[in-house]
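Colleague: One structure follows; several queries about it will come next.
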Amino acid sequence: MNLYLRYFDSEVLVNNADEAIAFLAGIDDIGMNPVLEKDIRDYVASDVYYPKRYKIRPRVYFIIIKTEANTMQDFKDKKAVRPAESANGKAVPVLLTLNEPHYGWYEGAIMFKRVQQVPGTGKFQYRDTNFVARVKAASGMDCYNRIVAHLSERVDHRSQFPSAKGKNFKFTFLGKCK
């Protein structure tokens, strides 16, 4: 596991927390202290993979991203994106399975922002809504498109649907159909 750090135009790809702390200590604006050092070490040791942003002063941050990339160019080319796991335990890229053609039954689950009216006030608000359906489709992307088409006819047009490539859409191939 490597770490990508960026502060304005200064960026680096390091192998461990010590190198990251040494890089940050070399930047005068950051002001490395024991509390910040402990927080960085805790983040590196944790199982959390989302980027971590640290505030230096109002509207000024530095960022740390965990990555599998071995070089800066690999990181920039997004060659080390964490792949999804298939049923047999092999790593398979999400985009490959999404567009892989398998005609049959799919179970798709989507978490979307649904516009609903608040009783009593007459105002509208967004609510996270989970929707699961079994559909006959040609691929995971086709499953997503059919679910979104179905929902868009039945919910307020201001509702927001996530990307098929994101974490708010999951699908499972159930089997071939006749």
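The values are calculated or read from the model by the stated rules, or taken from the named source; none is laboratory data. Because the structure is a prediction, the values reported are computed rather than measured. Ideal geometry is used to build each Cβ from the backbone, glycine not excepted, and the neighbour counts take in all protein chains shown. The accessibility values were calculated without ligands, DNA or RNA, using every heavy atom of the protein model including side chains. Shrake-Rupley method; radii C 1.70, N 1.55, O 1.52, S 1.80 Å.
Colleague: With a Förster radius of 25 Å, plug the Cβ-Cβ distance of Val48 and Asn15 into 1/(1 + (r/R0)^6) and report the FRET value to the nearest 0.05.
Modeller: After rounding, the FRET efficiency stands at 0.85.
Colleague: Leaving ligands, DNA and RNA out of it, report the carbon-plus-sulfur percent of the accessible area of the range 1-46 at a 1.4 Å probe.
Modeller: Exposed carbon and sulfur together represent 49 percent of the surface.
Colleague: With contacts defined as alpha carbon pairs under 8 Å and 6 or more residues apart, what's the relative contact order of the chain in percent?
Modeller: Rounded, it is 18 percent for the chain.
Colleague: Per residue, how much accessible surface does the chain expose to a 1.4 Å probe? Answer in Å², no decimals.
Modeller: 67
Colleague: Just to be sure I understand, if you calculate percent of Cα pairs over 26 Å apart for this structure, which of [x] 28; [y] 38; [z] 53 do you get?
Modeller: Matching entry in [x] 28; [y] 38; [z] 53: [z].
Colleague: Using 7 Å Cα-to-Cβ label points, what is the Lys176/Asn70 separation (nm, one decimal)?
Modeller: In this crude spin-label approximation the distance works out to 4.0 nm.
Colleague: Testing the spin-label approximation: label points 7 Å from Cα along Cα→Cβ at Gln117 and Lys38. State their distance in nm.
Modeller: Going by the 7 Å Cα→Cβ label model, 5.3 nm.
Colleague: So for the range 1-71, averaging the separation of alpha carbon pairs under 8 Å that are six or more residues apart and normalising by length, what relative contact order in percent results?
Modeller: RCO, the range 1-71: 41 percent.
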